[in-house]
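Inspection log for the structure reproduced underneath, given as structure tokens.
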Amino acid sequence: MTTLTKPDTSSAPQDPAGDAPFLSVRDLYVRFATEDGTVKAVDGLSFDLERGETLGIVGESGSGKSVTNLAILGLHNPRNTTITGEILLDGQELTGASQRTLERLRGNKMAMIFQDSLTALSPYYTVGRQIAEPFMKHTGASRREARARAIEMLAKVGIPQPQTRVDDYPHQFSGGMRQRAMIALALVCDPALLIADEPTTALDVTVQAQVLDLLKDLQQETGTAIILITHDLGVIANTADKVVVMYAGRAVERGTTREILKEPQHPYAWGLLGSIPRLTASVDVPLAPIPGSPPSLLNPPSGCPFHTRCAFTATVGGDRCSTERPQLPDGRGSACHLTAEQKRDIFIEQIQPRLR
Amino acid sequence: MLRFLVRRVLGAAVILVLISFVTYLLFFALPSDPALLSCGKNCNPQNLALIHKNLGLDKPIPVQWWNYVVGIFAGRHLPLGNCPAPCFGLSFNNDTSVWSLLKDRYPTTLSLAIGGSVTFLVIGVGLGLISAWKQGSVFDRVASSISLLGQSVQIYFIGPLAIYLFSVQLGWLDRGHDPDWTSDPVGSLTGLVLPCLIMSVIFWSNYSRQTRSLMVEQLSEEHVRTARAKGMGSKYVFFRYALRGAMGPIVTIFGIDLGSVFGGAIITEATFGLHGLGNLAVSAVLQSDLPLEMGVMLVGATSIVFFNILIDACYAFIDPRIRLA
Ligand SMILES: Nc1ncnc2c1ncn2[C@@H]1O[C@H](COP(=O)(O)OP(=O)(O)OP(=O)(O)O)[C@@H](O)[C@H]1O
Ligand SMILES: [Mg+2]
């Protein structure tokens, strides 16, 4: 009863002056019930994102990147999925929000670009209709206004002759054009949060660069917060402000893009950096892919999930790596039992020479 | 779309020409002399030769077949009487034109085939959709067990039971009679309800299972997820996106079933004592009435080919990737 008269609003989530981040994911767990058991696809993940900022999420295949972001949009099948933790978008709690609430936000305040635009767009409707639909739904625009908006969006993402291409079906577009159309679709309601799940993986390198530039330009125009999911640290280097490195459903390292690329701390991040082919690298330095394969999320390893593939467990000593789960500090840091000095020394002495 | 249709119609024409030729061979050339059949008891060589000439059997077979096909479109003057187009010859039995017999019986079979199809599509697809919408619910489980039941019954077994129960005992439904759409459309419709329902039973279980699994599959498709990611409501996504994707395969399955649909219609006719093509074919076979058998064959084959084109057109209409190819 006192809340009505309570003068203290400084801690209220929606306070624009407050310093609560625009998107805040806290202790997120996503579990799938499957025939073989429970898949712990996301295991205690936290990160923040501000408006106008780009967060890169990197990790091997199966590390839980897509699952995390589908959880933000509330797109998991509630029948077999358990989600706990906190997802606050602009102060609004999204975990456990009703379908109605989520439907109002999806495509409107938060939108997603999917990896494979050929399967992600419906083959049965024209590109224009698919772009216009969310605009009509969220803004109440008429069919004609929505069509005009679809043409405008197609022009914005650089589709030639948008007035005629608007009536094409996805299969009549090239791969690069389809991905642009997908971006147009995601941005049609000017979302405040844009999630791009490997938006360029299916494209060739030049188109890849164009699409990333396009995203950057659009972000500068509208101040959208972007989560960019990728395998490719090269993509991160050019577009992200900060990075979360994911392994087996957990964040194992966090920092600015510069920090992650120049002074990575986690052995897994070293491995990711080591597996990028470089044009400048001399031929006699072999690529160093991470040995082994990602662990089963049905039965993740005890302690540090990376210990089964890590070359430095002996440096930590004892069986600490396999028994004790390392914590990821808030802000810059990594979830690893190596000491800060050890991390720095190993990186400078053993890892860096191989990267040059 | 037009090119697609033209291609399909031309293909169908070729198929029909082949079918007509093969059936002609089967009926008039390969078996025992057809003239013998219409010659009767006091048959002598002179009579036989006369009949040969009358039936045109003295000419080479391709010529006979050609005359037959031309007759279908242009009519023929046969020695036994005039046979206006479409001429399928005259019945051996009483010299009436085969076409007039076909014209009499075809509406019953066609009404059953169409009515039965509409019934099982509505019930089968409808149940499948509800099951997919409420996956794992009691309804879903009950519907799938009923489906199993539906697949193990026979029309000629449940038909009489249904007549006894619904029309004799309860008096709810007409026991089924031949439709006459021009003079009594309402009566035609009510007369078809029970036969169509019974005929649909052997089909709809398959459609409800297929629809359910197609919808479940579609609902996990990426383009359906995109529609949800746009904020579209779950009903909208279900019908506009998932069902749209499931429709093509359902239509394809229906196309494969066309033959069985006509077969089912013929069994249903027999079960309900209706007078359709099946009944006509049986009497033609019993009386060795070759022109009539041939006529029934051709009309049946043409119907199936025609409905196949219709279904292909539906498919192309549903899927722009085919329409615009
Ligand atoms: N609906 C689901 N049911 C069961 N397991 C799932 C489901 N969705 C994802 N997973 C599992 O969760 C794990 C993480 O998947 P996710 O798609 O997030 O990986 P990712 O990091 O996006 O990989 P990629 O780079 O290949 O896209 C995988 O092991 C995957 O098999
Ligand atoms: Mg993924």
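The values are calculated or read from the model by the stated rules, or taken from the named source; none is laboratory data. The model shown is predicted, which means the values in this text are computed figures rather than measured ones. Every residue, glycine among them, receives a Cβ derived from its backbone with ideal geometry; neighbour counts consider all protein chains shown. The area values use the complete protein model at the heavy-atom level, side chains included, leaving out ligands, DNA and RNA. Shrake-Rupley method; radii C 1.70, N 1.55, O 1.52, S 1.80 Å.
Figures for the structure shown
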{"quantity": "Where A:Ser117 falls short, out of the listed (1) touching a Lys or Arg at 6+ places or on another chain (Cβ under 6 Å); (2) more than 13 Å from every other protein chain (Cβ to nearest Cβ); (3) within 16 Å of ligand 2 (Cβ to nearest atom)", "calculated": "(2)"}
{"quantity": "Wholly enclosed helices (runs of 4 or more DSSP H) of region B:134-252 bearing at least 1 residues of a type in the set (A, V, I, L, M), over 30 Å from A:Ala184 (Cα atoms) and in the same structural domain as B:Tyr315 (by TED's automatic domain parsing)", "calculated": "B:138-150, B:155-162, B:185-219"}
{"quantity": "Residue satisfying all of: in region A:62-80; in contact (Cβ under 8 Å) with a residue 12 or more places away in the chain, part of a loop (DSSP other than H, G, I, E, B) and over 20 Å from B:Lys230 (Cβ atoms); farthest from ligand 1 (Cβ to nearest atom) among these", "calculated": "A:Asn80"}
{"quantity": "Residue satisfying all of: in region B:217-251; among the charged types (D, E, K, R) and within 35 Å of the chain's Cα centre (by Cα); nearest to the other protein chains (Cβ to nearest Cβ) among these", "calculated": "B:Arg244"}
{"quantity": "Residue among B:Gly263, B:Gly233 that alone is surrounded by fewer than 22 Cβ atoms within 10 Å (Cβ to Cβ), closer than 26 Å to B:Leu110 by Cβ and out of contact with any His (no Cβ under 8 Å at 6 or more places or on another chain)", "calculated": "B:Gly263"}
{"quantity": "Within region B:21-79, considering residues that are in a strand (DSSP E or B) and at pLDDT 80 or above, the one most open to solvent (accessible area, probe 1.4 Å)", "calculated": "B:His77"}
{"quantity": "Residues of region A:57-80 satisfying the condition of being farther than 17 Å from B:Glu222 by Cβ, among the polar types (S, T, N, Q) and within 14 Å of another protein chain (Cβ to nearest Cβ)", "calculated": "A:Asn80"}
{"quantity": "Any chance B:Ser213 is open to solvent by 30 Å² or more (accessible area, probe 1.4 Å), within 13 Å of chain A (Cβ to nearest Cβ), among the polar types (S, T, N, Q) and out of contact with any Lys or Arg (no Cβ under 8 Å at 6 or more places or on another chain)", "calculated": "no"}
{"quantity": "Of all residues in region A:159-175 being open to solvent by 60 Å² or more (accessible area, probe 1.4 Å) and in contact (Cβ under 8 Å) with a residue 24 or more places away in the chain, the one that is farthest from A:Thr200 (Cα to Cα)", "calculated": "A:Asp167"}
{"quantity": "Number of the exception - B:Leu161 against (1) aliphatic (A, V, I, L, M); (2) open to solvent by 60 Å² or more (accessible area, probe 1.4 Å); (3) touching a residue at least 24 places away in the same chain (Cβ under 8 Å)", "calculated": "(3)"}
{"quantity": "Test for A:Gly56: is it under 27 Å from A:Glu221 (Cβ atoms), touching a helix residue (DSSP H, G or I) at 6+ places or on another chain (Cβ under 8 Å) and surrounded by 22 or more Cβ atoms within 10 Å (Cβ to Cβ)", "calculated": "yes"}
{"quantity": "Residues satisfying the stated conditions in region A:30-56, i.e. within 16 Å of ligand 2 (Cβ to nearest atom) and within 14 Å of chain B (Cβ to nearest Cβ)", "calculated": "A:Phe32"}
{"quantity": "Some residue of region A:176-183 being in contact (Cβ under 8 Å) with a residue 60 or more places away in the chain, of a type in the set (D, E, K, R) and either more than 13 Å from chain B (Cβ to nearest Cβ) or assigned to a helix (DSSP H, G or I) (or both)", "calculated": "yes"}
{"quantity": "Positions within region A:91-139 being hydroxyl-bearing (Ser, Thr, Tyr) and within 18 Å of A:Arg178 (Cβ to Cβ), in sequence order", "calculated": "A:Ser117, A:Thr119, A:Ser122, A:Tyr124, A:Tyr125, A:Thr126"}
{"quantity": "Every residue from region A:212-251 that is within 13 Å of ligand 1 (Cβ to nearest atom) and part of a strand (DSSP E or B)", "calculated": "A:Ile227, A:Leu228, A:Ile229, A:Thr230, A:Val244, A:Val245, A:Met246, A:Tyr247, A:Arg250, A:Ala251"}
{"quantity": "Failed item, numbered, when A:Ala146 is tested on (1) within 16 Å of ligand 1 (Cβ to nearest atom); (2) without any contact (Cβ under 8 Å) to a residue 24 or more places away in the chain", "calculated": "(1)"}
{"quantity": "Residue, nearest to the other protein chains (Cβ to nearest Cβ), within region A:121-139, restricted to residues that are among the aliphatic types (A, V, I, L, M) and in contact with a Pro (Cβ under 9 Å, 6 or more places away or on another chain)", "calculated": "A:Leu121"}
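Let's see how each residue does on (1) crowded, with 20+ Cβ neighbours inside 10 Å; (2) hydrophobic (A, V, I, L, M, F, W, C); (3) touching a Lys or Arg at 6+ places or on another chain (Cβ under 8 Å):
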{"position": "A:Gly74", "(1), (2), (3)": "yes, no, yes"}
{"position": "A:Thr82", "(1), (2), (3)": "no, no, yes"}
{"position": "A:Glu86", "(1), (2), (3)": "no, no, yes"}
{"position": "A:Leu89", "(1), (2), (3)": "yes, yes, yes"}
{"position": "A:Gln92", "(1), (2), (3)": "no, no, no"}
{"position": "A:Arg100", "(1), (2), (3)": "no, no, no"}
{"position": "A:Leu105", "(1), (2), (3)": "yes, yes, no"}
